[in-house]
There are 2 protein chains.
Amino acid sequence: MSTLTAGYSDVRATNLSAVLGFLRANAPCSRAAIAGGTGLNKATITNIVGDLIDRRLIRETEQTQNRVGRPATLLELDGSAYAAIGMEISARGLTAIAYDAAGGQILRWHRSGPGRGAGPDKTLTATSALARRAMAAVEATGRQILGLTVGVPGLVDRDGTVVLAAGLGWRDYPLKPRLLDALSHPTFSVSVDNDANLSALAEYRYGPYAGTNNLIQISGDTGLGAGVIADGRPLQGNLGYVGEVGHLRVAPDGPVCGCGRRGCLEAVAGIPALVRRLHDDTDDLQLAVEQIVARASAGDSETVKALLETGSWLGQGVAMLANLLNPALIVLGGYYATLGEWLLPAVEKELQGQALAPQAGGCKVALSALGHDITAIGAVARSLDQLDAGRIPG
Amino acid sequence: MSTLTAGYSDVRATNLSAVLGFLRANAPCSRAAIAGGTGLNKATITNIVGDLIDRRLIRETEQTQNRVGRPATLLELDGSAYAAIGMEISARGLTAIAYDAAGGQILRWHRSGPGRGAGPDKTLTATSALARRAMAAVEATGRQILGLTVGVPGLVDRDGTVVLAAGLGWRDYPLKPRLLDALSHPTFSVSVDNDANLSALAEYRYGPYAGTNNLIQISGDTGLGAGVIADGRPLQGNLGYVGEVGHLRVAPDGPVCGCGRRGCLEAVAGIPALVRRLHDDTDDLQLAVEQIVARASAGDSETVKALLETGSWLGQGVAMLANLLNPALIVLGGYYATLGEWLLPAVEKELQGQALAPQAGGCKVALSALGHDITAIGAVARSLDQLDAGRIPG
């Protein structure tokens, strides 16, 4: 069957995922509410709900809805049959998270290292060991694993090769094939994606602004990257390299960037640049950021000035994204969220000053509430999204 | 019916448009070839082809295909029943183009003026007069009009209000409602869109690189704007303001832009900026560009140097688009195409130097072959696209 055409099985998959999607946003709710929300008729709902209950993707609750006549049984998502695993490899360490298909958390693990100096092979060994432990833990709950997605801070091509990850010191490393080997080619899907792309998906699925159809997530950590949701879908581009906002040239006479070019946004607005501006040590970013927060809270003028400068540069990047992509919302994540109190006024000022459209085309700026696990959360979402796309097992 | 769900009528619309789309790319071809290309079975093809012939959207040709056994009758698009009109309002004047549903040109008219000084009401009067003439000319051929789309060089909101069009001197002008009034509310759809968005659609439908799923069109005329096709769909953003590449700040110490800000890409890479750099008169851009071509062809060093400088700045904008959107192709249109011979080497150099991804993420740069009517061609495509989206009259 060509992807151009539709068959009746596609109609069924579309309607299954419509019912699942409605329940994800509105559960618990009655069959009548699903019919009202999706526009499907009562007979179709009865049929599809029965099918989803058989597949253990939804279930009837003990609750009923009070109303005139017979009480209506309410439905909710059933997380008992399936789960997905999301992981992140970063300069900070490794993270593994698993959610069941109802969005309930099964595990959330961190381990430090192996770090930048270790090289990709050592990191692969540690990653696959952690993945095996997570797989075993999920399987011990009796759930089938739908997929495992790994986020990395770098350019990832469609084959899962990490083409460039400056923060890890990697280049052209075939992470997905190596991981498949290390995991003995599991039956579920394994994928690798850019951390910022996954962070944007996490905001779109689980953040306070979930469902915002034109949303950009900018993360500040060892690097500066963006992920883009456009018209409700993650933007991928030709080879999957969307959102490299950190390497736009904004300061032609500025400092040399880690990528070797001069004047990149990352070199003036990145978290390591802020830390260096304050003559601190960039080896432990977390500690350095904590110290900056402490000094800024105490009103230290040099610190506040450096944050204002960082915010102005970051605002210039935000304005560029607003001019090119006209998002409704730009979410600042990673250490930008930690430092948001001091950065946000300058970011807003640059955005309003540099955006061509009145009121910056309706673009708001907000701080992420998803913390440092956001990439791993987005990685889980990527695998659970298979269900919403109608690729339902069984 | 909710847009979340699908019914059997959607399957039919999807399959009708799949057959139309296949014929648009491959006609003339046999029913067997359509079955092979779309994956639909023979009975479905027979049924859908019969329906499309009844609606006069396709027809059998006189030709047959030689093969063993009974010769196969070939099918082609039928342009005899429907047509669409595309128009452009620019500082150069007005353009109206009409194509029939098979992509055959019915008319292509230009008129100069009313120009920048005239104000929007006078331009509306001229535009609606030209539209009425085009509607009458199309109706005289016996075809039903599917839609009329107007492109303007500025920000257009979803209600068809031109929020800002610096090159025309317009601000907050409700063009679509006024045009509907002036045309006595025709039964077909009327829409207004940004010129660069429509130019990108024209490249995607009718350019030499038609079908490139991640494509950006950059036009140089009185302004500098971009339209974006991402994953095969025109990118719109929150309010429809995607692609304002001309107002990215690239030269913090550069000249003041027409928008009032300092250092915009348009102020250093725009065609009027090039003309000013050569101390020419910007009142007649076409004449000025012709003179630049003549002098550059004769090897005039000041002219060649100014073109190199323009190409370098334009390349910086191209690199920013490549870093953020990872297109497979960036097409330079308008006067950039006219001057492409001198601009392209500098553009390529900046792209390769400033893009983070190896080989600029696979991004090629090409010159548009669609000329100055590109916006009006894209406007026709927007209306004809209704057919491919399965919104088939009758």
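This table checks each residue for (1) closer than 28 Å to B:L235 by Cβ; (2) touching a residue at least 40 places away in the same chain (Cβ under 8 Å).
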| residue | (1), (2) |
| --- | --- |
| B:V289 | no, yes |
| B:A296 | no, yes |
| B:K349 | yes, no |
| B:G353 | yes, no |
| B:A360 | yes, yes |
| B:A369 | yes, yes |
| B:G378 | yes, yes |
How many residues are modelled with pLDDT under 80, assigned to a loop (DSSP other than H, G, I, E, B) and under 30 Å from the mean Cα position of the chain (by Cα) if we restrict to segment A:1-41?
2
Given the residues A:T64, A:T44, A:T95, A:T73, which is the only one that is modelled with pLDDT under 95, touching a helix residue (DSSP H, G or I) at 6+ places or on another chain (Cβ under 9 Å) and part of a strand (DSSP E or B)?
A:T73
Identify, from the list A:A346, A:A379, A:A366, the residue that is buried (at least 23 other Cβ atoms within 10 Å of the Cβ), modelled with pLDDT of 95 or more and more than 13 Å from chain B (Cβ to nearest Cβ).
A:A379
Just a yes or no: is a residue in segment A:345-366 within 26 Å of A:A306 (Cα to Cα), under 15 Å from the mean Cα position of the chain (by Cα), assigned to a strand (DSSP E or B) and outside the structural domain of A:R12 (by TED's automatic domain parsing)?
no
Of the residues that sit in segment B:37-67 and are farther than 30 Å from B:G142 by Cα and surrounded by fewer than 17 Cβ atoms within 10 Å (Cβ to Cβ), which one is nearest to the other protein chains (Cβ to nearest Cβ)?
B:G39
If only one of B:A288, B:A273, B:A296 is more than 14 Å from every other protein chain (Cβ to nearest Cβ) and more than 23 Å from B:R116 (Cβ to Cβ), which one is it?
B:A296
Would you mind stating whether A:V318 is assigned to a strand (DSSP E or B) and within 14 Å of another protein chain (Cβ to nearest Cβ)?
no
May I ask you to verify whether A:K176 is part of a helix (DSSP H, G or I), among the basic types (K, R) and either within 14 Å of chain B (Cβ to nearest Cβ) or under 27 Å from A:L235 (Cβ atoms) (or both)?
yes
For segment A:349-363, enumerate the residues that are within 7 Å of another protein chain (Cβ to nearest Cβ) and surrounded by fewer than 18 Cβ atoms within 10 Å (Cβ to Cβ).
A:P358
Which residues, counting only those in segment A:333-343, are assigned to a helix (DSSP H, G or I) and either within 14 Å of chain B (Cβ to nearest Cβ) or surrounded by 24 or more Cβ atoms within 10 Å (Cβ to Cβ) (or both)?
A:Y335, A:Y336, A:L343
Taking the criterion of being out of contact with any helix residue (DSSP H, G or I) (no Cβ under 7 Å at 6 or more places or on another chain), surrounded by 18 or more Cβ atoms within 10 Å (Cβ to Cβ) and facing chain A (nearest Cβ under 10 Å), would at least one residue in segment B:14-36 satisfy it?
yes
Spot the failing condition for B:L107; the list is (1) in contact with a Phe, Trp or Tyr (Cβ under 8 Å, 6 or more places away or on another chain); (2) hydrophobic (A, V, I, L, M, F, W, C); (3) surrounded by fewer than 21 Cβ atoms within 10 Å (Cβ to Cβ), and only one is missed.
(1)
Those residues of segment A:234-270 which are within 7 Å of chain B (Cβ to nearest Cβ) and of a type in the set (D, E, K, R) amount to A:E244, A:R249, A:R261
Conditions first: (1) within 14 Å of chain B (Cβ to nearest Cβ); (2) part of a helix (DSSP H, G or I). A:I330 passes all but one, so which condition is the exception?
(2)
How about segment A:111-166: which of its residues are surrounded by fewer than 17 Cβ atoms within 10 Å (Cβ to Cβ), within 14 Å of another protein chain (Cβ to nearest Cβ) and assigned to a strand (DSSP E or B)?
none
Out of (1) crowded, with 24+ Cβ neighbours inside 10 Å; (2) more than 11 Å from chain B (Cβ to nearest Cβ), the odd one out for A:A230 is which?
(2)
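The values are calculated or read from the model by the stated rules, or taken from the named source; none is laboratory data. The structure displayed is predicted, hence computed values, not measured ones. Every residue, glycine among them, receives a Cβ derived from its backbone with ideal geometry; neighbour counts consider all protein chains shown.
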